[in-house]
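K.L.:
The structure is given below, and queries will be raised subsequently.
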C-alpha cells in the first residue's frame, strides 16, 4: 500500500488504527526505554492517539495548505555516490521453481593499498527473487574457499547442517573473513560513525554470498556492492563478531526451547549495535554481556521475534566492553503447531541455511583501535 497522498492513505485508516494500537507498525521488536536506541521508530502515545482519533473521525482530509513537502526517496544508491562499485561478474540464472542453496562468487578487489570504508551498500539487480545477500572480505592470508575459482558462481561443499557450536551462515568463514555489508528487504545500508571505518586490506577479495527464492518466473540477477572511502585514516576500526550456537536440536512440538551462545572478548572494545538472527521458529532473543566484575548488562531484549523484520539495534550511547567481557545470546524457539509460521511442527530442527531450518546468532558490531589484530578480539574462536 502507498501512503504518499491522502487518497492513497484514507482507505487504510482502520488498518492503520489497528496496526499502531497493537504496535505492529512501525516495526520494532525490542523492549527498550525511549532513547536507548538511536534508530527506534516507535510512535509516542500522543502520536498513536492522533492516528486513532483521525481514523475514528472517519479519516477526514486536512487543509492542503498545511501539507508538508512531498517526501523524496532515494533513486539508486541510498549511500553517498560510491567511490567504487563491484558487480557479480556472471548473471545468476534463477529458475521458475525449486529450492536454491546459498551460492557464492569471489571477486578480486585489485587493491594495492589498504582501503578504509565508511559506507557500503549491497544492491540486488532483481529484488523480487533476492532473499538476502552478504559480502565478505577475504584477506590475502586467508585459506577460506581457496579451492574455488575466481569470478564463477559456486555452491560450497560445506553447507546446510553444521554440528559444531559457533556455526556460521558463511560456509566456514572466520573472524578474518568479515562481513562488510549485507542486503535484506528493509535493512538500511551500512554506515559507521564519524571518524570510524571498516578495513579492506590490500590484496583482499570480496566474497558474495547470494540466496535466491524462486517465484514462478525464470529470471536473472546481478547483485553489486558500492563503497564510499574514508577521506582520512580513522580513529577506530569497525568489525562484527557473534555469539552463536549451532549444536542444537529443537524437538518436535517444543513451544519454548532454549538455546544459548557466548563469546569472550580478548581486547577492550566499543559496542555500537546489536542484531539478533533466527529463522521462522525464532521466538525470543536477548543479547547481553557479563563484565569481568561479574556485572550483567542487557543490551536488547526481543520478546516477540519476527523473521520478517530482522532489525539492527543501534545504541544511542555506545558501551565500552573491557577485555574479558563475555557476550551472550539467549534465545527461545517455538516448534509447536501454535506457531503460525512453523514450516513443520513434527520435525526435529537443526542448524541450516534455509528458512525452514534454524539459526541462532547474536551479532555485535564493535569498534577497536586501528592497529588491533581482529583475531585477538575473540581468541577462543
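Derivation of every value follows stated rules applied to the coordinates shown; laboratory data play no part. These numbers come from a predicted model, not from an experiment. Cβ coordinates were reconstructed from backbone atoms using ideal geometry, including for glycine residues, and neighbour counts include every protein chain displayed.
K.L.:
In deg cm²/dmol, rounded to 500, what helix-only [θ] at 222 nm does the chain give when every DSSP H run of at least 4 residues adds -39500 (n - 2.57) and the total is split over its residues?
P.N.:
On the way: 3 runs with 25 residues, N = 381.
After summing the helix terms and dividing by the residues of the chain, the value is -2000 deg cm²/dmol.
K.L.:
For the chain, modelled as a GNM with alpha-carbon contacts under 10 angstrom, which of 366, 21, 199 fluctuates the most?
P.N.:
21
K.L.:
What is the Cα centroid distance between the range 27-82 and the range 247-321, reported in whole angstrom?
P.N.:
A separation of 27 Å, based on Cα centres.
K.L.:
Say we join alpha carbon atoms closer than 10 Å with springs in a Gaussian network model of the chain; which of 143, 285, 198 then has the biggest fluctuation?
P.N.:
Maximum among the listed residues: 143.
K.L.:
How much length is gained if the chain between residue 290 and residue 255 is pulled fully straight, taking 0.36 nm per residue apart and subtracting their Cα-Cα distance, in nm to one decimal?
P.N.:
Working it through step by step, the gained length comes to 9.8 nm.
K.L.:
Ranked by Cβ crowding within 10 angstrom, fewest neighbours first, how are 274, 52, 107, 130 ordered?
P.N.:
Values: 274 27, 52 16, 107 19, 130 22.
Result, fewest neighbours first: 52, 107, 130, 274.
K.L.:
Within a 10 angstrom radius of the beta carbon, how do 279, 131, 211 rank from fewest other beta carbons to most? Can you show the working numbers first?
P.N.:
On the way: 279 22, 131 16, 211 19.
Lowest count first: 131, 211, 279.
K.L.:
What are the principal axis extents of the Cα atoms in the range 84-234, in Å, biggest first?
P.N.:
Projected onto the principal axes, the Cα atoms of the range 84-234 cover 48, 31, 28 Å.
K.L.:
Quick check: residue separation of residue 131 and residue 42 times 0.36 nm, minus the Cα distance between them. What number comes out in nm?
P.N.:
Taking 0.36 nm per residue and subtracting the Cα distance, the gain is 29.4 nm.
K.L.:
Given axes a ≥ b ≥ c from the Cα gyration tensor, I'd like to know whether the range 238-376 is rounded (a/c under 1.5), prolate (a/b larger than b/c) or oblate.
P.N.:
On the way: a/c = 2.25, a/b = 2.19, b/c = 1.03.
Prolate is the answer for the range 238-376, as a/c is 1.5 or above and a/b outweighs b/c.
K.L.:
Treating the angle as unsigned and between 0 and 90°, give the value, to the nearest 10°, between the Cα long axis of helix 45-56 and the longest Cα principal axis of the chain.
P.N.:
So the helix axis and the longest Cα principal axis differ by about 50 degrees.
K.L.:
Continuing with the same structure: How big is the range 28-155 by the Kirkwood estimate over distinct Cα pairs, in Å? Present the calculation step by step, with values, prior to reporting the outcome.
P.N.:
Values: mean 1/r = 0.0486 Å⁻¹.
The Cα-based Kirkwood calculation yields 20.6 Å.
K.L.:
At a 10 Å Cβ-Cβ cut-off, how would you order 9, 372, 112, 348, fewest neighbours first?
P.N.:
On the way: 9 15, 372 18, 112 8, 348 11.
In increasing order of surrounding Cβ atoms, one gets 112, 348, 9, 372.
K.L.:
Using a Gaussian network model on the chain with a 10 Å cutoff between Cα atoms, which of 253, 58, 35 fluctuates the most?
P.N.:
Taking springs between Cα atoms under 10 Å, the residue moving most is 58.
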